[in-house]
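All remarks here apply to the structure that follows.
The values are calculated or read from the model by the stated rules, or taken from the named source; none is laboratory data. This is a predicted model, so every value here is computed, not measured. Cβ sites come from the backbone with ideal geometry, for glycine too, and all protein chains shown count toward neighbours. In case anyone asks, the SASA skips ligands and DNA or RNA and just uses the protein heavy atoms, side chains included. Shrake-Rupley method; radii C 1.70, N 1.55, O 1.52, S 1.80 Å.
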Amino acid sequence: MNNEVKTVPSILSADFANLERDLKKIESECESVHIDIMDGHYVPNLSIGVPVVKSIRKVTGMTFDTHLMITNPEDFVEPFAKAGSDMITFHIECTDDPVALIDKIRSLGLKAGVAIHPDTDINVLEPFCRKGASDLILVMSVNPGFGEQSFMEGAYDRIRAVRKMLDDNGSSALLAVDGGVRKDNIDKVAAAGARHIVAGSAVFKSEDPAATVRDLNKIGNDSIR
Ligand code: DX5
Ligand code: ZN
């Protein structure tokens, strides 16, 4: 398994009038950027959609980790794939047939991730932690819908539980955590087993986003050595 802790900035906290500028700020430090899509139904907020993803695809080579917080993910896999997403993560709460949805995402040549709301029983993820069943599992550590919330302490046990399920099954899927991660807790998040660490406000509301990513990565990696 690739054991490196990597910070994946969420553009939800970037300046939407200056997305290109903000993406350039982190490019030297990041392989991937996280894109939050909200529909006002699954979550009580709206964010951005397909045209914005298409536009920013033209200005950066970073991998697009698209997080769909929408009730009908099946309908939007293809548009977001065409817009330039490299990975699509949907919420397990939002589909009746997650296996078919993963197949659909993969058939378009993308990686497929499964996200889970803090209120959902973590054991529903077991089938997706089997070898080859998914490419990423995303544990939400805030209620989805808004940036700048506080990390829920209950997420540590959930991260550990998913880490164990992945390891017990020999799965190489990435373990992602999303919400409330910053310099004062990334050590514990990484030690619990997460490697793909989404951070919005901690990165983009800081004075020097690239330096913040370097610091987060260092703290995270130091904590697992
Ligand atoms: C929340 C989003 C997160 C959010 C994280 O619903 O899925 O990706 O941008 O923001 P911070 O890091 O500020 O909690
Ligand atoms: Zn997200």
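Out of curiosity, is Met38 within 19 Å of Val198 (Cα to Cα), away from ligand 1 (no atom under 13 Å from the Cβ) and open to solvent by less than 40 Å² (accessible area, probe 1.4 Å)? So Met38 does not fit the description; no.
Filtering segment 33-51 to residues that are within 15 Å of ligand 2 (Cβ to nearest atom) and in contact with a Leu (Cβ under 9 Å, 6 or more places away or on another chain) leaves Val33, His34, Ile35, Asp36, Ile37, Met38, Asp39, Tyr42, Ser47, Ile48.
Inclusion of Pro44 among residues that are modelled with pLDDT of 95 or more and either open to solvent by less than 70 Å² (accessible area, probe 1.4 Å) or not in a helix (DSSP H, G or I) (or both) is warranted. For Lys54, state whether it is closer than 25 Å to Leu216 by Cβ and not in a strand (DSSP E or B). So Lys54 does not fit the description; no.
Taking residues in segment 119-146 that are without any contact (Cβ under 8 Å) to a residue 40 or more places away in the chain, and partners anywhere that are β-branched (Val, Ile, Thr) and surrounded by fewer than 24 Cβ atoms within 10 Å (Cβ to Cβ), the pairs with Cβ atoms closer than 7 Å and at least 6 places apart or on different chains are Thr120/Ile92; Val124/Ile92; Ser134/Ile102; Met140/Ile116. Taken over segment 197-216, the residue count meeting the criterion of being open to solvent by 10 Å² or more (accessible area, probe 1.4 Å) and either under 16 Å from the mean Cα position of the chain (by Cα) or of a type in the set (Asp, Glu) (or both) is 7.
Considered as a group, the residues in segment 167-192 that are of a type in the set (Asp, Glu) and surrounded by fewer than 24 Cβ atoms within 10 Å (Cβ to Cβ) include one that is farthest from ligand 2 (Cβ to nearest atom), and that residue is Asp168.
Please name all residue pairs, on different chains or six or more residues apart, with Cβ atoms under 9 Å, provided the first residue is in segment 6-21 and is touching a residue at least 24 places away in the same chain (Cβ under 8 Å) and the second residue is within 13 Å of ligand 1 (Cβ to nearest atom) and basic (Lys, Arg). Short answer, once both residue conditions are applied: Ser13/Lys205. The helices (runs of 4 or more DSSP H) falling completely within segment 138-215 that include 2 or more residues that are of a type in the set (D, E, K, R) map to 155-169, 186-191.
Filtering segment 1-28 to residues that are away from ligand 1 (no atom under 13 Å from the Cβ), crowded, with 19+ Cβ neighbours inside 10 Å and assigned to a loop (DSSP other than H, G, I, E, B) leaves only Val5.
Contact annotation: residue pairs with Cβ atoms under 8 Å, 6 or more positions apart or on different chains, pairing a residue in segment 153-180 that is of a type in the set (Phe, Trp, Tyr) with a partner that is within 16 Å of ligand 2 (Cβ to nearest atom), are Tyr156/Val189. The C-beta contact set for segment 181-193 (first residue in contact (Cβ under 8 Å) with a residue 60 or more places away in the chain, second residue surrounded by fewer than 19 Cβ atoms within 10 Å (Cβ to Cβ) and in a loop (DSSP other than H, G, I, E, B), distance under 8 angstrom, 6+ apart or interchain) comprises Ala190/Ile224. As a summary of the residue check, Asp75 satisfies the conditions (1) within 16 Å of ligand 1 (Cβ to nearest atom); (2) of a type outside the set (S, T, N, Q); (3) free of Cβ contacts under 8 Å to residues at least 12 places away in the same chain except for the one numbered (1).
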